[in-house]
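A quick write-up on the structure given underneath.
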Amino acid sequence: QVQLVESGGGLVQPGGSLRLSCAASGRIFGINPMGWYRQAPGKQRELVATITRSGTANYIDSVKGRFTISRDNAKNAVSLQMNNLKPEDTAVYYCWCRVGLEYWGQGTQVTVSS
């Protein structure tokens with residue numbers, strides 16, 4: 001089993017920034033990749049960004065240039081720096097990883113509103 005614990009999130013005005021963090025524990029040997037999903041009200045969960053153990057990152061088009069994913073392999077942690085946030089970024093964000101099976105965190109709410 002793998003446990004993912006997220007922190008960060010909250011309410012921010014359009015154009016603002018937030019940073020999400022996630023730490024993995026449990027049977028984490030060989031964890032790869034890690035990333036973030038999000039789910040907005042009434043929409044399907046979508047994969048926002050991923051990063052491999054070697055640092056290769058991928059993003060969905062809507063967040064490219066605004067979000068940056070990073071990873072600390074020594075701490076089995078992943079972060080998502082979100083800049084220039086837009087109302088359409090409002091969603092519950094879930095930390096994700098794959099260690100054979102896929103695992104998700106409990107989710108953290110991000111609300112972008114004036």
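The values are calculated or read from the model by the stated rules, or taken from the named source; none is laboratory data. This one's a predicted model, so the numbers in the text were calculated from it and none came from an experiment. Positions of Cβ are generated from backbone atoms using ideal geometry, with glycine treated the same way; all protein chains shown enter the neighbour counts. Keep in mind that these areas ignore ligands, DNA and RNA; they rest on the heavy atoms of the full protein, side chains included. Shrake-Rupley method; radii C 1.70, N 1.55, O 1.52, S 1.80 Å.
So which residues in segment 63-114 are under 11 Å from the mean Cα position of the chain (by Cα) and of a type in the set (Phe, Trp, Tyr)?
PHE67, TYR93, TYR94, TRP96, TRP104
Could you figure out which of (1) open to solvent by less than 60 Å² (accessible area, probe 1.4 Å); (2) modelled with pLDDT of 95 or more; (3) over 14 Å from the mean Cα position of the chain (by Cα) isn't true of CYS22?
Just one mismatch for CYS22, condition (3).
Can you tell me which residue is surrounded by the fewest Cβ atoms within 10 Å (Cβ to Cβ) among those in segment 39-92 that are of a type in the set (Gly, Ala, Ser) and in contact with a Leu (Cβ under 7 Å, 6 or more places away or on another chain)?
Looking at the filtered set, the residue picked out is SER79.
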